[in-house]
Amino acid sequence: MQDSRPKRNSISLKSGDVVRIGMLFLVRHGQTQENAAGLVQGQMDGTLSKVGMEEVRALAYVLREDTFDRVYSSDLLRARQTAEILVEQLDCNGLLTDPRLREQGFGIYEGKPLFRLLRKLRDERTQISDFTPEGGETPSDFIFRVREFYTECLSKSFDGANLMVVTHYGVIRILLEELMGISAAQESIHNASYYKIDNCSRGGFRIVHSGR
């Protein structure tokens, strides 16, 4: 049976589509113990390190003047821990978790040193966005589920609402590049950094802030 899911280069959700959100905040989780140890996490839970918790509290202080109508998070522990700190510090109204916001599954590389994955990418002369790890998730499957979440999120009736999405490097890259048409290829998405994105009514999506 032919695969009817959209291919990587055909995914689009730009200014011509109907969207109803106000500001969208894309937040990467804080540093984990696994980040500090140089390990690939993928869909392992991961646990925030002390540094990571401090990073997230600092981020909450930065965001203290913003208001959030809904907060979504990956269901992986490192993202949930990040979101829970932000929700508490910013006095947000609840937290919704969704497995579609998980990082790409990296199969046999999960829990292994990052240099092994980077060496594989170098040997195959490919980029992480085009790589299917053995036992892991294909890029097209990864993009499909992120797009599904985002389309569903935008299709609900919360006109002008400010949304926060706490997630992972790969998910943020897909949301920026594949769905919004914003190039993030040359940018580093650090732990506990965020993108504040304005949903302009005519000009499409516009980054108001990126970084920490």
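Which residue is surrounded by the fewest Cβ atoms within 10 Å (Cβ to Cβ), if the candidates are limited to the stretch 36-55 and must be in a loop (DSSP other than H, G, I, E, B) and in contact (Cβ under 8 Å) with a residue 40 or more places away in the chain? Here the residue is Gly38.
If you scan the stretch 122-140, which residues turn out to be surrounded by fewer than 14 Cβ atoms within 10 Å (Cβ to Cβ) and not in a loop (DSSP other than H, G, I, E, B)? Outline the logic, then answer.
So the first thing to find is which residues in the stretch 122-140 are surrounded by fewer than 14 Cβ atoms within 10 Å (Cβ to Cβ), and the list is 122-127, 130, 134-135.
Within the stretch 122-140, Arg122, Asp123, Glu124, Asp130 qualify.
So in the stretch 56-83, with the set limited to residues that are β-branched (Val, Ile, Thr) and farther than 24 Å from Tyr109 by Cβ, which one is surrounded by the most Cβ atoms within 10 Å (Cβ to Cβ)? Step through it out loud before you land on a result.
Within the stretch 56-83, the first condition is being β-branched (Val, Ile, Thr), and the residues that meet it are 56, 62, 67, 71, 82.
Adding the requirement that they be farther than 24 Å from Tyr109 by Cβ leaves 56, 62, 67, 71.
Working: Val56: 25, Val62: 13, Thr67: 12, Val71: 23.
So the residue we want is Val56.
So is Ile197 crowded, with 19+ Cβ neighbours inside 10 Å, among the aliphatic types (A, V, I, L, M), at pLDDT 80 or above and part of a helix (DSSP H, G or I) or not? Taking the combined requirement at face value, the residue does not satisfy it.
Kindly evaluate Val18 against the criterion of being over 27 Å from Gly135 (Cβ atoms), in contact with a Ser or Thr (Cβ under 9 Å, 6 or more places away or on another chain) and at pLDDT 95 or above. Spelling it out, it is not the case that Val18 is over 27 Å from Gly135 (Cβ atoms), in contact with a Ser or Thr (Cβ under 9 Å, 6 or more places away or on another chain) and at pLDDT 95 or above.
With respect to the stated conditions, Val87 is surrounded by 19 or more Cβ atoms within 10 Å (Cβ to Cβ), without any contact (Cβ under 8 Å) to a residue 40 or more places away in the chain and either within 24 Å of Asp198 (Cβ to Cβ) or not small (Gly, Ala, Ser) (or both).
Could you tell me which of the residues Val51, Val27 is at pLDDT 50 or above and touching a Phe, Trp or Tyr at 6+ places or on another chain (Cβ under 6 Å)?
On the way: Val51 fails: touching a Phe, Trp or Tyr at 6+ places or on another chain (Cβ under 6 Å).
Testing whether each residue is at pLDDT 50 or above and touching a Phe, Trp or Tyr at 6+ places or on another chain (Cβ under 6 Å) leaves just Val27.
Of everything listed in (1) modelled with pLDDT of 95 or more; (2) buried (at least 16 other Cβ atoms within 10 Å of the Cβ); (3) not aromatic (Phe, Trp, Tyr), the single unmet condition for Cys92 is (1).
Just one of (1) modelled with pLDDT under 95; (2) part of a helix (DSSP H, G or I); (3) in contact with a Gly (Cβ under 9 Å, 6 or more places away or on another chain) fails for Arg147. It is (3).
The values are calculated or read from the model by the stated rules, or taken from the named source; none is laboratory data. Quantities reported herein were computed from a predicted structural model and do not represent experimental measurements. Note: ideal-geometry Cβ built from the backbone for every residue, glycine included; neighbour counts use all protein chains shown.
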